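Student: Structure in C-alpha coordinates, see below.
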Amino acid sequence: MKPLYFDNNATAPLREEASRAMRDVMGPPANPSSVHGFGRAARLCVEDARMSVAGLAGCRASDVVFTSGGTEANNLVLGHYRHIITSELEHDSVRNAHPNIRLVKVLSDGRVDCNDLRERAMAVTDADRPTSLISIMAANNETGVLQPMDDIAQIAADAGIMLHSDMVQSFAKLIMEFSGSGIGYASLSAHKIGGPSGVGALLVKPGCALSSLLKGGGQEQGRRSGTENLIGIAGFGAAAKAAADDVTHYSEMSGWRDAFEDYVLSRLPSVQIFGKSVPRLGNTSCIAAGPKTAETMVMAFDIAGVAVSAGAACSSGKVQSSHVLNAMGAGDAAARAIRVSGGWATKEADFETVADVFVRLYKQSN
Ligand code: PLP
(Lines give C-alpha, C1' and ligand atoms only; values in the text may rest on other atoms or scores of the structure.)
Protein backbone atom coordinates (compact mmCIF):
# COMPACT_ATOMS: atom_id res chain seq x y z
CA MET A 1 0.00 0.00 0.00
CA LYS A 2 1.22 3.51 -0.85
CA PRO A 3 1.90 5.36 2.45
CA LEU A 4 -1.02 7.61 3.37
CA TYR A 5 -0.51 11.00 4.97
CA PHE A 6 -3.18 11.99 7.47
CA ASP A 7 -1.31 14.55 9.55
CA ASN A 8 -2.09 17.71 7.60
CA ASN A 9 -2.89 19.77 10.70
CA ALA A 10 0.79 19.35 11.64
CA THR A 11 1.98 20.27 8.17
CA ALA A 12 0.73 19.75 4.61
CA PRO A 13 2.72 18.45 1.65
CA LEU A 14 4.33 21.18 -0.44
CA ARG A 15 2.32 22.07 -3.55
CA GLU A 16 4.09 21.86 -6.90
CA GLU A 17 3.09 25.49 -7.57
CA ALA A 18 4.86 26.60 -4.38
CA SER A 19 7.92 24.51 -5.13
CA ARG A 20 8.17 26.00 -8.64
CA ALA A 21 7.71 29.57 -7.40
CA MET A 22 10.53 29.08 -4.89
CA ARG A 23 12.88 27.54 -7.47
CA ASP A 24 12.16 30.48 -9.79
CA VAL A 25 13.50 33.03 -7.30
CA MET A 26 16.43 31.01 -5.96
CA GLY A 27 19.78 32.26 -7.12
CA PRO A 28 19.78 35.91 -8.14
CA PRO A 29 20.62 38.48 -5.45
CA ALA A 30 17.22 39.42 -4.07
CA ASN A 31 16.93 42.09 -1.43
CA PRO A 32 13.51 43.71 -2.00
CA SER A 33 14.79 46.96 -0.43
CA SER A 34 17.51 47.42 -3.07
CA VAL A 35 16.74 50.03 -5.71
CA HIS A 36 18.52 48.30 -8.63
CA GLY A 37 16.84 45.91 -11.06
CA PHE A 38 17.51 42.79 -8.95
CA GLY A 39 15.96 44.45 -5.92
CA ARG A 40 12.97 45.71 -7.89
CA ALA A 41 12.32 42.21 -9.26
CA ALA A 42 12.41 40.85 -5.71
CA ARG A 43 10.02 43.59 -4.53
CA LEU A 44 7.57 42.73 -7.32
CA CYS A 45 7.63 39.10 -6.23
CA VAL A 46 6.97 39.99 -2.56
CA GLU A 47 4.11 42.31 -3.48
CA ASP A 48 2.60 39.74 -5.86
CA ALA A 49 2.65 37.16 -3.03
CA ARG A 50 1.14 39.71 -0.66
CA MET A 51 -1.77 40.19 -3.06
CA SER A 52 -2.31 36.43 -3.35
CA VAL A 53 -2.39 35.96 0.43
CA ALA A 54 -4.72 38.97 0.79
CA GLY A 55 -6.98 37.57 -1.95
CA LEU A 56 -7.44 34.31 -0.05
CA ALA A 57 -7.85 36.07 3.30
CA GLY A 58 -10.33 38.66 2.03
CA CYS A 59 -8.31 41.70 3.06
CA ARG A 60 -6.21 44.54 1.58
CA ALA A 61 -2.67 43.68 0.52
CA SER A 62 -1.41 46.37 2.90
CA ASP A 63 -2.94 44.48 5.85
CA VAL A 64 -0.52 41.57 5.31
CA VAL A 65 2.66 41.58 7.42
CA PHE A 66 4.92 38.66 6.47
CA THR A 67 6.46 36.80 9.42
CA SER A 68 8.43 33.60 9.98
CA GLY A 69 5.18 31.70 10.58
CA GLY A 70 2.12 31.42 12.79
CA THR A 71 4.21 31.31 15.96
CA GLU A 72 5.81 34.67 15.25
CA ALA A 73 2.52 36.20 14.13
CA ASN A 74 0.93 35.21 17.46
CA ASN A 75 3.89 36.50 19.47
CA LEU A 76 3.98 39.72 17.45
CA VAL A 77 0.40 40.73 18.20
CA LEU A 78 0.31 39.53 21.82
CA GLY A 79 3.58 41.37 22.46
CA HIS A 80 1.90 44.66 21.64
CA TYR A 81 -0.67 44.31 24.46
CA ARG A 82 -0.39 44.28 28.26
CA HIS A 83 -3.41 42.11 29.21
CA ILE A 84 -4.55 39.04 27.29
CA ILE A 85 -7.88 37.22 27.55
CA THR A 86 -7.63 33.83 25.85
CA SER A 87 -8.45 30.16 26.40
CA GLU A 88 -6.79 26.87 27.26
CA LEU A 89 -7.62 25.69 23.73
CA GLU A 90 -5.04 27.91 22.08
CA HIS A 91 -1.81 26.82 20.45
CA ASP A 92 1.27 27.10 22.69
CA SER A 93 2.43 30.11 20.68
CA VAL A 94 -0.50 32.01 22.24
CA ARG A 95 -0.71 30.29 25.64
CA ASN A 96 3.01 30.75 26.32
CA ALA A 97 3.53 34.08 24.57
CA HIS A 98 2.63 36.44 27.39
CA PRO A 99 3.13 36.75 31.17
CA ASN A 100 -0.29 38.28 31.81
CA ILE A 101 -2.93 35.88 30.52
CA ARG A 102 -6.45 35.27 31.82
CA LEU A 103 -8.08 32.03 30.67
CA VAL A 104 -11.73 31.77 29.68
CA LYS A 105 -13.65 28.58 30.58
CA VAL A 106 -13.97 25.86 27.95
CA LEU A 107 -17.08 23.75 27.29
CA SER A 108 -16.85 19.97 26.96
CA ASP A 109 -17.73 20.24 23.24
CA GLY A 110 -14.48 22.12 22.59
CA ARG A 111 -15.86 25.65 22.30
CA VAL A 112 -15.05 28.54 24.58
CA ASP A 113 -17.70 29.51 27.10
CA CYS A 114 -18.96 32.79 25.59
CA ASN A 115 -20.79 33.74 28.80
CA ASP A 116 -17.53 33.55 30.73
CA LEU A 117 -15.76 35.46 27.95
CA ARG A 118 -18.39 38.21 28.10
CA GLU A 119 -18.09 38.47 31.89
CA ARG A 120 -14.32 38.70 31.77
CA ALA A 121 -14.32 41.18 28.90
CA MET A 122 -16.89 43.42 30.59
CA ALA A 123 -14.89 43.34 33.84
CA VAL A 124 -11.85 44.96 32.20
CA THR A 125 -11.40 48.45 33.65
CA ASP A 126 -11.52 51.62 31.54
CA ALA A 127 -7.83 52.11 32.23
CA ASP A 128 -6.86 48.62 31.01
CA ARG A 129 -9.18 48.48 27.98
CA PRO A 130 -6.81 50.08 25.42
CA THR A 131 -4.00 47.71 26.37
CA SER A 132 -6.15 44.55 26.49
CA LEU A 133 -6.52 41.96 23.74
CA ILE A 134 -8.90 39.02 23.32
CA SER A 135 -7.20 36.19 21.43
CA ILE A 136 -9.33 33.23 20.35
CA MET A 137 -8.45 30.77 17.57
CA ALA A 138 -10.93 30.23 14.72
CA ALA A 139 -10.39 26.46 14.53
CA ASN A 140 -8.60 24.11 16.87
CA ASN A 141 -5.62 22.15 15.55
CA GLU A 142 -6.40 19.01 17.58
CA THR A 143 -10.19 18.68 17.33
CA GLY A 144 -10.99 20.96 14.35
CA VAL A 145 -13.74 22.58 16.48
CA LEU A 146 -14.74 26.02 15.19
CA GLN A 147 -15.23 28.87 17.61
CA PRO A 148 -18.27 31.15 17.13
CA MET A 149 -16.13 34.03 15.87
CA ASP A 150 -19.09 36.31 15.02
CA ASP A 151 -20.40 36.04 18.60
CA ILE A 152 -16.89 36.54 19.96
CA ALA A 153 -16.39 39.62 17.76
CA GLN A 154 -19.68 41.03 19.11
CA ILE A 155 -18.50 40.47 22.69
CA ALA A 156 -15.18 42.20 21.92
CA ALA A 157 -17.01 45.13 20.29
CA ASP A 158 -19.47 45.45 23.22
CA ALA A 159 -16.57 45.48 25.67
CA GLY A 160 -14.48 47.84 23.51
CA ILE A 161 -11.56 45.39 23.42
CA MET A 162 -9.43 44.52 20.40
CA LEU A 163 -9.77 40.98 19.00
CA HIS A 164 -7.10 38.70 17.52
CA SER A 165 -7.74 35.28 16.00
CA ASP A 166 -5.22 32.54 15.28
CA MET A 167 -6.56 31.45 11.88
CA VAL A 168 -3.67 29.13 11.06
CA GLN A 169 -5.91 26.05 10.84
CA SER A 170 -8.99 27.60 9.24
CA PHE A 171 -7.10 29.51 6.52
CA ALA A 172 -8.02 28.15 3.05
CA LYS A 173 -10.42 25.65 4.63
CA LEU A 174 -13.20 28.13 5.35
CA ILE A 175 -14.28 31.25 3.45
CA MET A 176 -12.38 34.13 4.99
CA GLU A 177 -13.48 37.77 4.84
CA PHE A 178 -11.02 39.47 7.17
CA SER A 179 -11.88 43.01 6.06
CA GLY A 180 -15.59 42.62 6.78
CA SER A 181 -15.09 40.80 10.08
CA GLY A 182 -14.96 42.22 13.59
CA ILE A 183 -11.44 40.85 14.01
CA GLY A 184 -8.52 43.28 14.25
CA TYR A 185 -5.63 40.86 13.75
CA ALA A 186 -5.32 37.31 12.34
CA SER A 187 -2.39 34.88 12.23
CA LEU A 188 -1.67 32.67 9.19
CA SER A 189 0.95 30.06 8.35
CA ALA A 190 2.08 28.91 4.88
CA HIS A 191 2.94 25.30 5.63
CA LYS A 192 -0.61 24.37 6.64
CA ILE A 193 -1.91 25.23 3.15
CA GLY A 194 0.81 23.60 1.03
CA GLY A 195 3.43 26.34 1.20
CA PRO A 196 6.85 26.09 2.85
CA SER A 197 7.37 26.17 6.63
CA GLY A 198 9.14 29.15 8.17
CA VAL A 199 6.84 31.77 6.64
CA GLY A 200 3.43 33.13 7.60
CA ALA A 201 1.66 36.41 8.13
CA LEU A 202 -0.08 38.60 10.64
CA LEU A 203 -3.06 40.42 9.16
CA VAL A 204 -3.52 43.85 10.70
CA LYS A 205 -6.60 45.99 10.05
CA PRO A 206 -6.06 49.69 9.31
CA GLY A 207 -5.92 51.59 12.59
CA CYS A 208 -4.84 48.56 14.64
CA ALA A 209 -1.54 49.36 16.29
CA LEU A 210 1.47 47.07 16.27
CA SER A 211 5.00 47.42 17.59
CA SER A 212 7.72 45.45 15.84
CA LEU A 213 9.02 42.59 17.96
CA LEU A 214 12.31 42.66 16.04
CA LYS A 215 14.19 45.94 16.00
CA GLY A 216 16.09 46.68 12.84
CA GLY A 217 15.63 47.97 9.31
CA GLY A 218 11.91 48.71 9.54
CA GLN A 219 10.78 46.37 6.76
CA GLU A 220 7.08 45.53 6.34
CA GLN A 221 6.20 49.19 6.96
CA GLY A 222 8.03 49.17 10.28
CA ARG A 223 5.96 46.25 11.55
CA ARG A 224 8.49 43.40 11.08
CA SER A 225 12.16 44.18 10.66
CA GLY A 226 14.53 41.86 8.78
CA THR A 227 15.23 41.31 5.08
CA GLU A 228 12.17 39.57 3.67
CA ASN A 229 12.35 35.79 3.22
CA LEU A 230 11.81 36.08 -0.53
CA ILE A 231 11.95 32.35 -1.27
CA GLY A 232 9.46 31.51 1.48
CA ILE A 233 7.18 34.42 0.63
CA ALA A 234 7.14 33.40 -3.05
CA GLY A 235 6.16 29.87 -1.98
CA PHE A 236 3.48 31.20 0.37
CA GLY A 237 1.99 33.40 -2.38
CA ALA A 238 1.92 30.54 -4.89
CA ALA A 239 0.33 28.19 -2.33
CA ALA A 240 -2.34 30.81 -1.53
CA LYS A 241 -3.10 31.20 -5.24
CA ALA A 242 -3.30 27.43 -5.71
CA ALA A 243 -5.56 27.08 -2.65
CA ALA A 244 -8.22 29.38 -4.11
CA ASP A 245 -10.74 26.54 -4.53
CA ASP A 246 -9.80 24.57 -1.40
CA VAL A 247 -12.92 25.62 0.53
CA THR A 248 -15.02 23.47 -1.83
CA HIS A 249 -12.59 20.55 -1.41
CA TYR A 250 -12.78 20.75 2.41
CA SER A 251 -16.54 21.05 2.36
CA GLU A 252 -16.69 17.84 0.28
CA MET A 253 -14.14 16.27 2.61
CA SER A 254 -16.42 16.73 5.61
CA GLY A 255 -18.68 14.08 3.98
CA TRP A 256 -15.73 11.66 3.58
CA ARG A 257 -14.64 12.35 7.16
CA ASP A 258 -18.19 11.74 8.47
CA ALA A 259 -18.39 8.46 6.53
CA PHE A 260 -15.05 7.43 8.08
CA GLU A 261 -16.34 8.25 11.57
CA ASP A 262 -19.65 6.40 10.96
CA TYR A 263 -17.70 3.33 9.80
CA VAL A 264 -15.54 3.38 12.93
CA LEU A 265 -18.51 4.00 15.25
CA SER A 266 -20.45 1.09 13.77
CA ARG A 267 -17.59 -1.41 14.11
CA LEU A 268 -15.78 -0.58 17.34
CA PRO A 269 -17.15 -0.39 20.88
CA SER A 270 -16.79 2.71 23.08
CA VAL A 271 -15.50 5.16 20.50
CA GLN A 272 -15.34 8.81 21.53
CA ILE A 273 -15.14 11.54 18.89
CA PHE A 274 -14.19 14.94 20.25
CA GLY A 275 -16.23 17.92 19.08
CA LYS A 276 -18.59 15.77 16.99
CA SER A 277 -21.71 17.64 18.16
CA VAL A 278 -20.50 21.09 17.06
CA PRO A 279 -19.23 22.65 13.80
CA ARG A 280 -15.75 21.41 12.92
CA LEU A 281 -13.22 21.71 10.10
CA GLY A 282 -14.13 19.17 7.40
CA ASN A 283 -10.70 17.53 7.46
CA THR A 284 -10.22 16.70 11.15
CA SER A 285 -11.26 13.80 13.34
CA CYS A 286 -10.01 13.42 16.90
CA ILE A 287 -10.92 9.94 18.17
CA ALA A 288 -10.29 7.86 21.28
CA ALA A 289 -10.93 4.12 20.81
CA GLY A 290 -9.54 1.11 22.61
CA PRO A 291 -7.29 0.84 25.63
CA LYS A 292 -3.86 1.54 24.06
CA THR A 293 -2.12 4.90 24.40
CA ALA A 294 -2.08 7.20 21.40
CA GLU A 295 1.70 6.91 21.23
CA THR A 296 1.50 3.12 20.78
CA MET A 297 -1.27 3.40 18.21
CA VAL A 298 0.52 6.11 16.19
CA MET A 299 3.43 3.65 15.84
CA ALA A 300 1.05 0.85 14.81
CA PHE A 301 -0.49 3.14 12.17
CA ASP A 302 2.97 4.08 10.96
CA ILE A 303 3.91 0.42 10.49
CA ALA A 304 0.61 -0.07 8.63
CA GLY A 305 1.59 2.78 6.28
CA VAL A 306 -0.66 5.54 7.62
CA ALA A 307 0.75 8.73 9.16
CA VAL A 308 -1.56 10.07 11.89
CA SER A 309 -0.74 11.83 15.12
CA ALA A 310 -1.62 11.67 18.77
CA GLY A 311 -4.38 14.06 19.78
CA ALA A 312 -1.77 15.40 22.13
CA ALA A 313 0.62 18.03 20.84
CA CYS A 314 3.88 16.54 19.72
CA SER A 315 7.00 18.62 20.06
CA SER A 316 10.61 17.51 19.72
CA GLY A 317 9.32 13.99 19.00
CA LYS A 318 7.81 13.70 22.48
CA VAL A 319 4.06 13.25 23.00
CA GLN A 320 2.75 15.37 25.86
CA SER A 321 -0.65 15.24 27.48
CA SER A 322 -3.11 17.28 25.40
CA HIS A 323 -3.99 20.58 27.09
CA VAL A 324 -6.92 20.92 24.65
CA LEU A 325 -8.54 17.58 25.49
CA ASN A 326 -7.78 18.09 29.18
CA ALA A 327 -9.54 21.47 29.06
CA MET A 328 -12.54 19.72 27.47
CA GLY A 329 -12.62 17.33 30.44
CA ALA A 330 -11.67 14.27 28.37
CA GLY A 331 -10.07 12.53 31.36
CA ASP A 332 -8.00 9.45 30.52
CA ALA A 333 -9.27 9.50 26.91
CA ALA A 334 -6.92 12.45 26.34
CA ALA A 335 -3.97 10.05 26.38
CA ARG A 336 -5.65 7.67 23.91
CA ALA A 337 -6.90 10.15 21.28
CA ILE A 338 -5.68 9.92 17.70
CA ARG A 339 -5.92 12.82 15.28
CA VAL A 340 -6.68 12.03 11.64
CA SER A 341 -6.35 15.14 9.45
CA GLY A 342 -6.76 15.25 5.67
CA GLY A 343 -5.40 17.99 3.44
CA TRP A 344 -5.43 19.57 0.00
CA ALA A 345 -4.10 16.37 -1.61
CA THR A 346 -6.40 13.92 0.23
CA LYS A 347 -8.92 11.90 -1.79
CA GLU A 348 -12.15 10.15 -0.79
CA ALA A 349 -10.48 6.74 -1.32
CA ASP A 350 -7.79 7.72 1.22
CA PHE A 351 -10.46 8.17 3.90
CA GLU A 352 -11.93 4.77 2.95
CA THR A 353 -8.52 3.14 3.34
CA VAL A 354 -7.83 4.84 6.67
CA ALA A 355 -11.23 3.65 7.93
CA ASP A 356 -10.31 0.02 7.16
CA VAL A 357 -6.86 0.35 8.74
CA PHE A 358 -8.31 2.11 11.79
CA VAL A 359 -10.85 -0.63 12.51
CA ARG A 360 -8.33 -3.44 11.84
CA LEU A 361 -5.67 -1.98 14.15
CA TYR A 362 -8.08 -1.24 17.00
CA LYS A 363 -9.70 -4.70 16.74
CA GLN A 364 -6.20 -6.20 17.04
CA SER A 365 -5.34 -3.97 20.00
CA ASN A 366 -8.41 -4.84 22.09
N1 PLP B 1 -1.37 28.14 15.57
C2 PLP B 1 -1.93 26.94 15.31
C3 PLP B 1 -3.37 26.74 15.59
C4 PLP B 1 -1.16 25.91 14.80
O5 PLP B 1 -1.72 24.72 14.55
C6 PLP B 1 0.21 26.14 14.54
C7 PLP B 1 1.09 25.06 14.04
O8 PLP B 1 0.97 23.92 14.43
C9 PLP B 1 0.75 27.41 14.81
C10 PLP B 1 -0.08 28.38 15.33
C11 PLP B 1 2.19 27.72 14.59
O12 PLP B 1 2.46 27.96 13.22
P13 PLP B 1 3.94 27.83 12.66
O14 PLP B 1 4.26 26.37 12.61
O15 PLP B 1 3.88 28.46 11.30
O16 PLP B 1 4.82 28.60 13.57
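Student: If R₀ is 25 angstrom, what is the calculated FRET efficiency for the pair S19 and N96, using the beta carbon separation as r and rounding to 0.05?
Tutor: According to the calculation, E is roughly 0.20.
Student: Compute the angle between helix 230-242 and the longest alpha-carbon principal axis of the chain, please, reported from 0 to 90 degrees and rounded to the nearest 10.
Tutor: Orientation of helix 230-242: about 60 degrees from the principal axis.
Student: To the nearest 10 square angstrom, how much accessible area does M137 have with a 1.4 angstrom probe?
Tutor: Roll a 1.4 Å probe over it and M137 shows about 10 Å².
Student: List the pairs from K205/K241; K173/K215; K205/K347; K173/K363; K105/K363 whose alpha-carbon separation is above 31 Å, in the order I gave them.
Tutor: Table pairs above 31 Å Cα-Cα are K173/K215; K205/K347; K173/K363; K105/K363.
Student: Another one. With everything on Cα atoms, drop me the angle between helix 294-303 and the longest principal axis of the chain, reported from 0 to 90° to the nearest 10.
Tutor: 90
Student: Separate question: Rounded to the nearest 500, what is the chain's calculated 222 nm mean residue ellipticity when only DSSP H runs of at least 4 contribute -39500 (n - 2.57) each, over all residues?
Tutor: Mean residue ellipticity, 222 nm, calculated: -11500 deg cm²/dmol.
Student: At what distance in angstrom do the alpha carbon centres of the range 319-366 and the range 104-172 lie from each other?
Tutor: Each part reduced to its Cα centre gives a spacing of 27 Å.
Student: Once both axes come from the Cα atoms, what is the angle between helix 70-79 and the longest principal axis of the chain, in degrees from 0 to 90, rounded to 10?
Tutor: Long axis of 70-79 versus the principal axis of the chain: about 60 degrees.
Student: Okay, next question. Mind checking which of K215, K205, K241 has the largest fluctuation in a GNM of the chain, springs on alpha carbons under 10 Å?
Tutor: Comparing K215, K205, K241 in the GNM, the peak value goes to K215.
Student: When the chain is modelled as a GNM with alpha-carbon springs shorter than 10 Å, which of V46, V124, V168 fluctuates the most?
Tutor: Among V46, V124, V168, the largest mean-square fluctuation in the Gaussian network model of the chain belongs to V124.
Student: Could you identify which residue out of R40, R118, R15 has the top mean-square fluctuation in a GNM of the chain using Cα springs shorter than 10 Å?
Tutor: Greatest mean-square fluctuation among the candidates belongs to R40.
Student: Could I ask something else about it? For the range 222-366, compute Rg over Rh where Rg is the Cα radius of gyration and Rh is the Kirkwood radius from the inverse mean 1/r over Cα pairs.
Tutor: 1.04
Student: With only alpha-carbon pairs counted, each pair once and no self-pairs, how large is the Kirkwood hydrodynamic radius of the range 230-289 in angstroms? Don't jump to the answer; show the numbers that get you there.
Tutor: Values: mean 1/r = 0.0733 Å⁻¹.
After inverting the pairwise mean of 1/r, the radius is 13.6 Å.
Student: Once the piece of chain linking M1 and D116 is laid out straight, how much longer is it, given 0.36 nm per residue of separation minus the C-alpha distance between them?
Tutor: Between M1 and D116, full extension yields an extra 36.5 nm.
Student: Given the Cα atoms of the chain, and with Rh set as the inverse mean 1/r over their pairs in the Kirkwood sense, what is Rg to Rh to two decimals?
Tutor: 0.98
Student: Count the DSSP beta bridges whose two residues both fall in the chain, then state the antiparallel fraction as a percent rounded to the nearest 5.
Tutor: 60
Student: Please figure out what share of the DSSP beta bridges in the range 161-312 is antiparallel and state it in percent, rounded to the nearest 5.
Tutor: Values: 7 of 11 bridges.
Around 65 percent antiparallel, to the nearest 5.
Student: Which semi-axes, in whole Å and largest first, does the equivalent ellipsoid of the range 86-172 have when worked out from the alpha carbon gyration tensor as the square roots of 5 times its eigenvalues?
Tutor: Those come to 20, 14, 12 Å.
The values are calculated or read from the model by the stated rules, or taken from the named source; none is laboratory data. All values reported here derive from a predicted model rather than from experimental measurement. Note that each Cβ is placed from the backbone with ideal geometry, even for glycine, and that neighbours are counted across all protein chains shown. Please note that ligands, DNA and RNA were not included when accessible areas were found on the heavy atoms of the full protein model with its side chains. Shrake-Rupley method; radii C 1.70, N 1.55, O 1.52, S 1.80 Å.
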